[in-house]
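Enquirer: Mind looking over this structure? Questions follow.
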Amino acid sequence: MEQRYVGRSGLKVSSIGLGLMSWGAEVDESGAQSQLRSFLDAGGTFLDTSAGFADGRSEAVLGSLLGDVVARSEVVIASKAGTATTAGRREVDTSRRAMLQALDGTLARLGTDHLDLWFAQSWDRNVPLEETLSALDHAVATGRVRYAGVSGFNGWQTAKAAALSGAGLTACQHEYSLVQRAAERDVMPAAEDAGLGMVCWAPLGRGVLTGKYRGHVPADSRAAGDELAAYVQPYLAGRPARIVEAVATAANGLDREPLDVALSWVLGQPLVASAVVGARTEVQLKQILSAKLTDLPAQIAAVLDEVSALPA
């Protein structure tokens, strides 16, 4: 698997990152161990988690595997702080106190003394940006974090954070795929200007770009469940559905899988350092890891660009 630099920094990550949002929830420790081994065998190095994933259980599961399955030095671990879910409600708190307290918990659950990359997970309109950045700067200055970034910030927020950060930011994290290119409006220009690398989540369009939702909703899919149906629903009809058909047509002509075409398109964008994928099963992950991820023919890429272009 290709290793890429993140922005203008010296940090290198695998082009495909393993997202751990399901670990500790839909994926138990045994399943997580199998996923991690498959990911490492494929050349993956970048692991993306958060203090808010499964109330910290995602980090705890990863921590239980460090040392036994993989040496800490052989992986690049990113985590995030600043959001939590309480009684079904998403709460944002990026105050210095909350951020550094979350970092203490993250390191304890992981059983490590540092993170390779740490993100402020959301913009907090109730907390001065300078205060949030002071937590990132302090974490870097004390060696508990090697590189810092922001996640879920829009364009002007990203630009302002990059300009005010004392330690300097390295990355931004945002949803980005053929069915969701809104980051191109403002986030990616801001990131390019600041020299930040882009870490993309949901590069498979929340699963729809695999083609599994064409014509029906599988009974075992997230869209069929009560908890995550609303997460997938926006991409099941209309413009996203037309994009999925274009990807499927391209994949058929290239003798490749739709998910391979979708990921290859994302990784072909200049700012993208890593596309983070999350899998609930070993089968899903192995399908992703078997993708060729080679450059798309120029004509195919141009057609996909046109079909998925943002509305004026």
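Since every read-out is calculated from the coordinates, none of them should be taken as a lab result. These numbers come from a predicted model, not from an experiment. Every residue, glycine as well, gets a Cβ built from its backbone with ideal geometry; the counts of neighbours run over all protein chains shown.
Enquirer: Bin by bin, in steps of 5 Å, what percent of the Cα pairs in the range 141-187 do you find, going until the bin that has the longest distance?
Expert: For the range 141-187, the pair-distance distribution reads 5, 20, 28, 20, 14, 8, 4, 1, 0.
Enquirer: Still on this model: Over the alpha-carbon set of the range 173-312, work out the extent along each principal axis and list the three values in angstrom, largest first.
Expert: 44, 34, 33
Enquirer: Take the alpha-carbon positions of the range 19-124, form their convex hull, and give its projected area averaged over all directions (one quarter of the hull surface) in nm².
Expert: With the hull built on Cα positions only, its mean projection is 6.5 nm².
Enquirer: Taking the Cα atoms only, what angle lies between the long axis of helix 258-267 and the longest principal axis of the chain, rounded to 10 degrees?
Expert: Tilt of helix 258-267: around 50 degrees.
Enquirer: Here's something else I'd like to know. What is the helix-to-structure angle for 155-164, meaning the angle in degrees between its Cα long axis and the longest Cα principal axis of the chain, kept from 0 to 90 and rounded to the nearest 10?
Expert: 30 degrees
Enquirer: As a test of understanding, state the convex hull volume per residue of the chain from its alpha carbons, in Å³.
Expert: Roughly 128 Å³ of hull volume per residue.
Enquirer: Ok, one more. What number, in percent, do you get for the relative contact order of the range 44-203 if the mean sequence gap of Cα pairs under 8 Å and at least 6 apart is divided by its residue count?
Expert: Normalised by residue count, the contact order of the range 44-203 is 17 percent.
Enquirer: Looking only at LEU209, LEU129, LEU47, which one moves most when the chain is put into a Gaussian network model with springs between Cα atoms under 10 Å?
Expert: Result for the chain, Cα springs under 10 Å: LEU129 fluctuates most.
Enquirer: Which angle between 0 and 90 degrees, to the nearest 10, do you get for helix 129-141 versus the longest principal axis of the chain when only C-alpha atoms count?
Expert: Long axis of 129-141 versus the principal axis of the chain: about 80 degrees.
Enquirer: Right, another one. Pairs of alpha-carbon atoms within less than 8 angstrom and 6+ residues apart define the contacts here; what relative contact order does the chain have, in percent?
Expert: 18 percent
Enquirer: All other residues with a Cβ under 12 Å from the Cβ of SER38 taken together, and with Lys, Arg as +1 and Asp, Glu as -1, what is their net charge?
Expert: 0
Enquirer: Of ALA108, ALA60, ALA135, which is the most mobile in a GNM of the chain whose springs link Cα atoms less than 10 angstrom apart?
Expert: Taking springs between Cα atoms under 10 Å, the residue moving most is ALA108.
Enquirer: Pick from ARG214, ARG125, ARG37: which is most flexible by mean-square fluctuation in a GNM of the chain where alpha carbon atoms under 10 Å apart are linked?
Expert: ARG125
Enquirer: Could you tell me whether the range 63-102 comes out rounded, prolate or oblate from its Cα gyration tensor? Rule is a ≥ b ≥ c as square roots of the eigenvalues, rounded for a/c under 1.5, then prolate if a/b exceeds b/c, otherwise oblate.
Expert: prolate
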